[in-house]
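Right, one structure below, let's go through it.
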Amino acid sequence: MILNDYLIFVIGIFATFFTLWSTVPQIRKSLRTRKTDDVSKWLIISLIAGLSLWVLYGALKEDMIITGANSIGVSLNTFLLILKLKYTKTNKELCKGMDEFYRLTS
């Protein structure tokens, strides 16, 4: 029984590592290139929603591993969403247009 619990724990650690690590390369690329047009905001939003539900599930089950790991995932994906909104070309063009509008109407 102890070996099984240990094996389950190790599987959980590996699952957590790979799940969290999967977002890091995209964050690094977004910070380096300042381009996020190829990243789907709906994918990120779906991940945040799903991970948030895992946080809730972990909290209800009083499982700190599930809660903690998925909280980090929510944080990473929220940061990626912020980068997406900041660096997407259409958002920049919209902001430039709004700045020009405000300049002309002031």
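Taking the charge dipole of the chain about its Cα centre, with +1 at Lys and Arg Cβ atoms and -1 at Asp and Glu Cβ atoms, the residue from GLY58, LEU31, ALA69 reaching farthest to the positive side is LEU31.
Take the Cβ atoms of ARG34 and ILE13, set R0 to 30 Å, and the FRET efficiency comes out at 0.35. Largest GNM mean-square fluctuation across LEU60, LEU85, LEU47, computed for the chain with C-alpha springs under 10 Å, falls on LEU60. As a length-normalised measure over Cα pairs under 8 Å and 6 or more apart, the relative contact order of the chain settles at 32 percent.
Among ILE27, ILE44, ILE11, the largest mean-square fluctuation in a Gaussian network model of the chain, built with springs joining Cα atoms closer than 10 Å, belongs to ILE11. Which of these, THR78, THR90, THR23, has the largest mean-square fluctuation under a Gaussian network model of the chain (Cα springs below 10 Å)? The residue with the greatest mean-square fluctuation here is THR90. Net length available on complete extension from THR105 to ILE27 is 24.3 nm, with 0.36 nm assigned per residue and the Cα-Cα distance removed. Of THR33, THR88, the sequence from fewest to most neighbouring Cβ atoms within 10 angstrom is THR33, THR88. If the chain linking LYS86 and LYS41 were pulled fully straight, counting 0.36 nm for each residue of separation and taking away their Cα-Cα distance, it would gain 15.0 nm.
Only the coordinates and a few stated rules stand behind these numbers; no lab work does. All figures in this text were calculated on a predicted structure; none of them were measured in a lab. Note: ideal-geometry Cβ built from the backbone for every residue, glycine included; neighbour counts use all protein chains shown.
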